[in-house]
1. Identify all residues within segment 1-20 that are modelled with pLDDT of 95 or more and surrounded by 15 or more Cβ atoms within 10 Å (Cβ to Cβ); write none if there are none.
2. State yes or no: is residue 62 under 17 Å from the mean Cα position of the chain (by Cα), more than 16 Å from ligand 2 (Cβ to nearest atom) and either surrounded by fewer than 20 Cβ atoms within 10 Å (Cβ to Cβ) or without any contact (Cβ under 8 Å) to a residue 60 or more places away in the chain (or both)?
3. Could you list all residues from segment 167-186 that are more than 16 Å from ligand 1 (Cβ to nearest atom) and under 15 Å from residue 210 (Cα atoms)?
4. Can you spot a residue in segment 161-170 that is out of contact with any helix residue (DSSP H, G or I) (no Cβ under 7 Å at 6 or more places or on another chain) and assigned to a helix (DSSP H, G or I)?
5. Within the bounds of segment 119-142, is there any residue that is buried (at least 22 other Cβ atoms within 10 Å of the Cβ) and either touching a strand residue (DSSP E or B) at 6+ places or on another chain (Cβ under 6 Å) or in contact (Cβ under 8 Å) with a residue 60 or more places away in the chain (or both)?
6. Among the residues of segment 156-167, which ones are over 23 Å from residue 69 (Cβ atoms) and surrounded by 24 or more Cβ atoms within 10 Å (Cβ to Cβ)?
7. Specify the residue that is modelled with the highest pLDDT; the eligible residues are those in segment 220-241 that are surrounded by 14 or more Cβ atoms within 10 Å (Cβ to Cβ) and assigned to a helix (DSSP H, G or I).
8. For a quick check of your reading of the model, give me the residue pairs whose first member lies in segment 180-205 and is assigned to a helix (DSSP H, G or I), whose second is surrounded by fewer than 17 Cβ atoms within 10 Å (Cβ to Cβ) and at pLDDT below 90, with beta-carbon atoms closer than 6 Å and at least 6 apart or on different chains.
Ligand SMILES: Nc1ncnc2c1ncn2[C@@H]1O[C@H](COP(=O)(O)OP(=O)(O)OP(=O)(O)O)[C@@H](O)[C@H]1O
Ligand SMILES: [Mg+2]
């Protein structure tokens with residue numbers, strides 16, 4: 001299997017006053033193309049730090065992060081911006097939608113940076129909203145949608161640039177458990193149908209069951225990597241409303 005992400009001996013130390021926090025303490029693993037991986041651990045264990053290193057949002061203190069053959073720990077700020085635009089999609093806990101734009105405009109936003117003509121941007125955004133079952137909500141403003149619908153707009157926006165890798169940090173952290181499961185099934189479905197790679201941070205063991213593999217992190221160390229059976233093909237049942 002083709003590997004997309006390869007991390008070796010990754011360390012991140014934060015200095016706060018006189019003390020030093022080892023947010024990541026020697027982490028190594030590989031993620032293959034098409035995998036859905038969950039990073040699970042308690043608050044403060046280093047999950048977001050790890051995701052930020054993988055996404056090139058922060059520099060490691062030591063170690064390597066290789067994505068599609070590119071050593072991202074060696075890239076400069078401008079190269080990193082370009083790398084992120086071309087390779088990755090993000091889904092955030094708090095949706096990060098623009099309140100003054102409707103659903104389709106929000107989804108089209110990442111395409112603005114690419115200089116694509118407006119008509120093409122809107123068509124792509126339109127298709128993405130169909131994919132996440134929001135065909136009837138394209139003109140709705142964020143405050144006219146439920147939390148789950150807003151997060152599905154967030155998923156559509158992460159996918160619109162056709163990224164090979166999607167990073168999600170507690171994507172359902174602001175949703176109730178039923179809506180969380182809906183969003184998880186949606187993410188599982190798009191990864192499987194479109195062959196994308198998804199890395200998701202969660203503190204919820206139950207939601208991690210949707211992933212193919214679960215990385216358990218404690219005090220900045222990966223202590224266990226679990227393989228899930230693809231038993232949870234719940235994605236086939238019922239649609240999203
Ligand atoms: N910018 C920073 N400066 C100093 N310490 C930091 C910084 N960012 C994170 N840390 C520390 O690194 C450790 C890991 O933080 P991180 O945000 O990765 O945890 P997390 O697993 O994502 O937690 P949560 O579930 O609460 O989001 C914590 O002890 C935190 O206090
Ligand atoms: Mg976090």
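The values are calculated or read from the model by the stated rules, or taken from the named source; none is laboratory data. Keep in mind that what you see is a predicted model, and the values were worked out from it rather than measured. Backbone-built Cβ (ideal geometry, glycine too); neighbour counts: all protein chains shown.
1. Passing the criteria: 4, 5, 6, 7, 10, 11, 12.
2. Numbers: under 17 Å from the mean Cα position of the chain (by Cα): no; more than 16 Å from ligand 2 (Cβ to nearest atom): yes; either surrounded by fewer than 20 Cβ atoms within 10 Å (Cβ to Cβ) or without any contact (Cβ under 8 Å) to a residue 60 or more places away in the chain (or both): yes.
No, not satisfied.
3. If the condition is that a residue be more than 16 Å from ligand 1 (Cβ to nearest atom) and under 15 Å from residue 210 (Cα atoms), then 177, 178, 179, 181, 182, 183, 184, 185, 186 are the ones that fit.
4. No, there is no match, as no residue in segment 161-170 is out of contact with any helix residue (DSSP H, G or I) (no Cβ under 7 Å at 6 or more places or on another chain) and assigned to a helix (DSSP H, G or I).
5. So in segment 119-142, the residues buried (at least 22 other Cβ atoms within 10 Å of the Cβ) come out as 125, 128-129, 132, 134.
Cutting the leftovers down to either touching a strand residue (DSSP E or B) at 6+ places or on another chain (Cβ under 6 Å) or in contact (Cβ under 8 Å) with a residue 60 or more places away in the chain (or both) gives us 132.
Yes.
6. Across segment 156-167, the qualifying residues are 156, 157.
7. So, considering only residues that are surrounded by 14 or more Cβ atoms within 10 Å (Cβ to Cβ) and assigned to a helix (DSSP H, G or I), the one modelled with the highest pLDDT is 234.
8. That search, which allows pairs on different chains as well, returns 182/240; 185/234.
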